[in-house]
Amino acid sequence: MRITSVGHAGLLVETSAGRILCDPWFNPAFFASWFPFPDNEAMDTAQLHTAEYLYVSHLHHDHFDAEWLRTRMSKDTVVLLPDYPVRDLRTSLEDLGFRHFVQTRDLEPTQLDGGVQVMVNALTSPTDGPIGDSAILIDDNGTRILNQNDARPVDEPRIRSFGPLAGHFLQYSGAIWYPMVYDFPARMKQTVGRRKRRNGMARALNYVEQYGAEHVFPFAGPPCFLDDELFHLNDLDGDDANIFPDQWVFLDFLRERGVTNTHLLLPGTVAELGPDRSCRLEQVDERTVARIRDDRTGYLREYQARRADRIRAEKAGWPTTRTDLLTGLREWVEPLLQYADRTCEGINGRVLVEVVDTPDATGAEEGADGGTGAGTGAGAAPTEQILFDFLDRRVARWAGEECRYRFELPRPLVERMVAERCPDWANELFLSCRFKAARKGPFNEFVTTFFASLSTERMAYVEGYYAELSQTEERARAGDHVVQRLCPHLKADLVRFGSHRDGILTCRLHDWEFDLATGRCLTSDDRKIISEARVNPSDDDPDLPEIPAA
């Protein structure tokens, strides 16, 4: 099996059934905020255009590059579709002209030509990407790989049953706007950033150890930020509070923990994996590697200069109209709120959206100013203050009501969201990092999920998902308590992903913590776990599995 990195999470996998192109990304994403790192623009992509198969893991634009797929990819390719409960990914690909699809079933092998099998794990929690994320396993006559990309699988036995892995490709770096956009004190941002950086790499290490592949390839991150107002988000000097560690940082992290079967993967790197699980690596030239690794600021500034016209063009295309946003949002969102019972109950409060005007969106005020330059309107007085009231289920002009969450959003981006009725602000606008946020109290997942579910189909799915989750009945022992076996966050099996210590139950998949005595979630106030004290342990069901002590 010959595997070529095409940058970020992009892979071209050459198999006996033909070429499988995974997640090609070349164009800036999220309002020209994210760019592939390292730069893959100069790659020869001729092999990619006519690949026999295409696999797009999910709709994040660093995986689903609509412009490249529309203009460069042959529409004769066969698309391998994850088993998602909503049709958004298929519909988006059909809109681009793709017409040949193989609908996979979650964690069920699908036979291709030439003795090749694929198995796709579709993750379907409302918080998995834009209502769905996935990983793909490929078996070419005994040579097997797991392309995990951003996904966080929880069904380990089914994945392991696919067979021993020659290669494991996985994400390890941050891909979120938290904590950078929040108005936290500087010291708190540093503390949160260090924790997220450490936890992200530790979670990836956990997957490496679980699946035990012969060769490990960190990829799918981080992006880089070339707009001057966002340039400070890049990890230029190994800052342990930056949530975007690079490949070299993670490789060092693994080696320090005894994991040495790892390989650096950059755009153009080729790995040939054999049935004996051997690996022959063709790396890009050492001078290029050294420049990217050792002169990060210089490398990114040159990259920035090459893409400056593209950033200006993107900003020039942002809406300049001033519509009645309140009326538009009220007509769109209020009907959704009427049947969003669990979402409204989960938020149980109000959210304030402050719309701010921006400087010249063409970039006339560019400057490396640490995050307050052109295009965001950061620090400007709001021109509209719109209330999302989940208590009374209404959208209204803010009249001073108490709000637990506040978002300060640039007007051009809100205009775009409303004009296009974009159902997913969280994975479009928020991922751009071109906004500010504040909150009172702990994180509430329902808020983010709401802003990712602004369509009838998505909201119906989210409501059904939470209804099913509330009926969880499987149990497990955790010391002196019996608890529900599946984490109420993302249904992770706590027997595999959980541990307990000093009365605190921790789900290691996302480091969420629960107080065993009360069931209260210590990480987010929108979750609670079923937890009951073992009054008479001898009466326990002897088949109850045990969550290990930490």
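Each listed q (0.12, 0.16, 0.20 Å⁻¹) maps to a log10 I(q)/I(0) for the range 271-341 from the Debye sum over equal C-alpha point scatterers, namely -0.73, -0.80, -0.98. By accessible area, using a 1.4 Å probe on protein heavy atoms only, the chain has 46% of its surface on carbon and sulfur. A 1.4 Å probe run over the protein chains yields, for the range 377-425, 40 Å² of accessible area per residue, whole-number rounding.
Computed from backbone phi, the HN-Hα couplings of the range 494-504 come to 6, 5, 9, 10, x, 7, 9, 7, 6, x, 10 Hz, rounded to whole numbers (Karplus: 6.51 cos²θ - 1.76 cosθ + 1.60, θ = phi - 60°; Gly and Pro given as x). Label-to-label distance for ALA396 and ASP480 is 4.8 nm, based on points extended 7 Å past Cα in the beta-carbon direction.
Counting only cysteine Cβ atoms and a cutoff under 4.7 Å, the chain contains unmatched residues CYS22, CYS224, CYS279, CYS344, CYS403, CYS422, CYS433, CYS521. Dividing the summed -39500 (n - 2.57) terms of all DSSP H runs of n ≥ 4 by the residue count of the chain sets its mean residue ellipticity at 222 nm at -8000 deg cm²/dmol.
Counting only DSSP beta bridges whose two residues both lie in the chain, roughly 70 percent are antiparallel. Phi angles across the range 385-399 convert, under the Karplus curve 6.51 cos²θ - 1.76 cosθ + 1.60 with θ = phi - 60°, into 3J(HN,Hα) values of 10, 10, 9, 9, 9, 8, 7, 9, 6, 8, 10, 8, 6, 5, 10 Hz, Gly and Pro given as x.
Antiparallel DSSP bridges in the range 131-281: what percent, to the nearest 5?
Around 45 percent antiparallel, to the nearest 5.
Between the DSSP loop rule and a limit of at most 14 other Cβ atoms within 10 Å, which chymotrypsin sites (Phe, Trp or Tyr not before Pro) in the range 213-249 are left? Intermediate results must be reported in sequence, preceding the final value.
Values: sites: PHE219, PHE225, PHE231, TRP248; in loops: PHE219, PHE225.
Within the range 213-249, no chymotrypsin sites (Phe, Trp or Tyr not before Pro) qualify (loop, at most 14 other Cβ atoms within 10 Å).
Between GLY498 and ARG508, the built amide H atoms are under 5 Å apart, and every one of these is 5 or more places off in sequence or on another chain. For the range 51-166, DSSP calls about 70 percent of its internal beta bridges antiparallel.
Can you work out D for the chain in µm² s⁻¹ from Stokes-Einstein, where Rh is the Kirkwood radius over C-alpha pairs, the temperature is 10 °C and the viscosity is 1.306 mPa s? Here the translational diffusion coefficient equals 65 µm²/s. A DSSP coil position with no more than 13 other Cβ atoms inside 10 Å describes the following trypsin sites (Lys or Arg not before Pro) in the range 250-284: ARG257.
Note: relative contact order over the chain, using C-alpha pairs below 8 Å and six or more positions apart, is 12 percent. When you filter the GluC sites (Glu not before Pro) in the range 459-550 for DSSP loop state and at most 11 other Cβ atoms inside 10 Å of their Cβ, you are left with GLU473. Length gained on full extension, VAL102 to ARG160, computed as 0.36 nm times the residue gap minus the Cα-Cα distance: 18.6 nm. What the phi angles of the range 508-525 give under the Karplus curve with 6.51, -1.76 and 1.60, with θ = phi - 60°, is a coupling list of 6, 4, 9, 6, 7, 10, 9, 7, 5, 5, 10, x, 5, 7, 8, 9, 9, 7 Hz, glycine and proline written as x.
The values are calculated or read from the model by the stated rules, or taken from the named source; none is laboratory data. Given the structure is predicted, the values throughout are model-derived calculations rather than measurements. Every residue, glycine among them, receives a Cβ derived from its backbone with ideal geometry; neighbour counts consider all protein chains shown. Calculation scope for accessible area: heavy atoms of the full protein, side chains included, ligands and nucleic acids excluded. Shrake-Rupley method; radii C 1.70, N 1.55, O 1.52, S 1.80 Å.
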